[in-house]
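All of the numbers you see were taken from the coordinates with simple rules; none came from a lab. Remember, predicted model here, so these are calculated numbers, not experimental data. Heads up, the Cβs are rebuilt from the backbone with ideal geometry, glycines too, and the neighbour counts pull from every protein chain shown.
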Amino acid sequence: MKKHLATAVFVRVSHTALTLGVPATLLVKKTELRSALIDGENLLYGVLYVILLLTSLTFYHIACAVDPGYVPDTYKVIANNDDSDDEDDLNDDDSEHGKMVKTKPRYCDYCEIDQPMRSRHCEDCGHCVRKFDHHCPWLETCVGERNHKIFWLFLLTKVAVIGWTLLIIFNAIVYKAAWNEWGYSNVLYIIDSLILVISGLVVIGLWGFHTYIMGTNITTWEMVSRRRITYLKYLDEDFNPFHEGYIKNILYFLCVCNERNWEIVYRKNVKMENSYQMV
């Protein structure tokens, strides 16, 4: 536990230092940011940049601190050595087509609970997480149902900060006839640019991927482990039982804070898919 806490503190302090450190270096050179904040030539420009920077950092720390969707102890069940009776299965019989949709909860031996659908036990966090997406080493916590939207907003604002900072650097580059003079005059900009480009490629890739995840209502874990997940492995590869339409998926992802009953969505969509296949 202490090791995990130490790692979390190190990762989050490092991210904060890097996020603030690169823009801080632009205040010691002749840049648009220095002119705006230090010289007061365009204060609105500087204030907007700082607001965006702090917004991104705030989203990051909220995503780190908020409960990602830990399944509470209310889901604990009494241990039973006998096999569960068939009557305990949460089944929905479509009598018209004879299709049985099985959504029996999976039992977690670590937490001793029946996992809600789309939940998974995270060994790093030591908890089962609702709508588990992945354990993020960048946050040093899980991304799940309760903090996924915050994580996406962090990535969105981070992309904007990186792009804006690169633009400031590009406009501040000092042009020299000789390469050695050019390199000496712009060494700080070169270092900052390398940091921003490398991190920017990662952030843009993650933001694009999680935008796709948001629109299709799928999770990273479900995409990677589909053939091993009980409620997905028997379905067609191209069928997503949680897809409710792109607009509805996005609205639920960004605007709804309550935890959803995914068993209901699953059974409804699977029954509908079975009906289409029988036609």
Once both label points are put 7 Å beyond Cα along the C-beta direction, the SER275-VAL13 separation in nm becomes 5.8 nm
FRET efficiency for THR211 and LYS176 from the Cβ-Cβ distance with R0 = 45 Å, rounded to 0.05, comes out at 0.65
One quarter of the C-alpha convex hull surface, i.e. the mean projected area of the stretch 109-262 in nm², amounts to 12.3 nm²
Here the Kirkwood hydrodynamic radius of the chain, Cα-based and in Å, equals 22.0 Å
Output ordering of 231-239, 21-29, 61-69 (per-residue mean of other Cβ within 10 Å, highest first) is 61-69, 21-29, 231-239
Filtering the chain for DSSP H helices with an axial alpha carbon extent of at least 20 Å and a Kyte-Doolittle mean of at least -1.0 returns 2-25, 43-65, 148-172, 187-216
Calculated from DSSP helices alone, with each H run of at least 4 adding -39500 (n - 2.57) and the total divided by the residues of the chain, [θ]222 nm to the nearest 500 comes to -17500 deg cm²/dmol
Across the stretch 149-279, qualifying lysine pairs (alpha carbons under 26 Å, at least 8 places apart or different chains) come out at 9
The extension gain from LEU167 to ILE264, computed as 0.36 nm times the residue separation minus the Cα-Cα distance, is 30.2 nm
Placing each pseudo-label 7 Å from Cα in the direction of the beta carbon, ASP73 and ALA24 end up separated by a distance in nanometres of 4.3 nm
